[in-house]
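Structure, as structure tokens:
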Amino acid sequence: MKRSFAALMKLYPPGYRALFADEMAAVFEEACRDHRAQGQLAYILYLLAEFAGLIKGAVLARSLGVWQNRAVRVTIPFVAGTLVSVAFLPPLLAARRFLTVANSHLNSQDDTLKLLVLATASIIVIAGCSVAFVLNLRSIARRIEHPSKT
Amino acid sequence: MRHVADDKVTEPVLLILLSLAESPRHGYALLKDIESMSSGRVRLSTGTLYGALHRLLANDWIERVEGADTSRDKRCYRLTAQGHRVLVAEFDRLKELTQIAGTRLRASEV
């Protein structure tokens, strides 16, 4: 059992292992001794719960470690922002086609000016939506890190 | 370890703080005390216990101290002044909630 415990401990991040591995192994040994004295079934049930708890703890410790990586925290909003921008591409291409067709029917300088104002306003709205989306992602990230502060 | 700070007071965290409020304890003593405090309802696994201790150390709510047995695998944990304040605040919150629950339950019985 000691070997299985040590193998599961390898799932934890190195810093965590350096801090707690010896203590955790000592607690596990003591608890094993106690549960063995309570009978075979109690011992097996304890081992199942213990190993499940170790795996869950390792996943939590690892996921926390990944999220604390600054590169990951910057990359996730960036990738999400890019995906949102890609979603805006088809309407932009359609608008460009519309502008090309409209250009051939333009009669005056006034019509051209109106179209330019419309295009600029659309770009500002799209950019605003993208910025709001990324800011919202950052606030979600903060909430994940400090759930009780928000 | 400040980077893993998370100031949520979950049930395991509350039980650990309560256990350490009485006296400094090492890992296994904490597990046994928590089990006895909750009348056997809460049985923390080693992974859950040390995950919670890790967060509590990061929050400076507890600290590691040298116990009578100074071996590396028998380190004791003690409540800090900040941890004590958090525990008192949580106790006040629960007391208030219990009072509200009592009032409402009595009202529903009438």
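Bear in mind these aren't lab numbers, they're just calculated from the coordinates by the rules spelled out. Predicted model only: the values in this text are computed from it and were never measured. With ideal geometry, Cβ positions are generated from the backbone for all residues, glycine too; neighbour counts draw on all protein chains shown.
Given that compact globular proteins tend to follow 2.2 N^0.38 Å, what is the ratio of the alpha-carbon Rg of region B:2-109 to that value?
Scaled against compact globular proteins, the figure is 1.20.
Please compute, for peptide A:17-23, the average count of beta-carbon atoms on other protein chains lying within 10 Å of each residue's beta-carbon.
The mean count of partner-chain Cβ atoms within 10 Å per residue comes to 6.
When ranked by the protection proxy of mean other Cβ atoms within 10 Å per residue, highest first, what sequence do the peptides A:11-24, A:119-132 form?
The packing order, highest mean first, is A:11-24, A:119-132.
Averaged over its residues, how many other protein chain Cβ atoms are within 10 Å of peptide A:49-56's Cβ atoms?
5
If R₀ is 22 angstrom, what is the calculated FRET efficiency for the pair A:Val79 and A:Ser130, using the beta carbon separation as r and rounding to 0.05?
Efficiency for this residue pair is about 0.95.
Give me the distance in nm between label points sitting 7 Å out from Cα along the Cα-to-Cβ direction at A:Ala42 and A:Ala7, one decimal.
2.7 nm
Using a Gaussian network model of chain B whose springs link C-alpha atoms within less than 10 Å, name the residue from B:Arg93, B:Arg43, B:Arg64 with the highest mean-square fluctuation.
Looking only at B:Arg93, B:Arg43, B:Arg64, the largest GNM fluctuation is found for B:Arg93.
Where does chain B land at 222 nm, in deg cm²/dmol rounded to the nearest 500, when only DSSP H runs of n ≥ 4 count, each adding -39500 (n - 2.57), divided by all residues?
Using -39500 (n - 2.57) per qualifying helix, the result is -19500 deg cm²/dmol.
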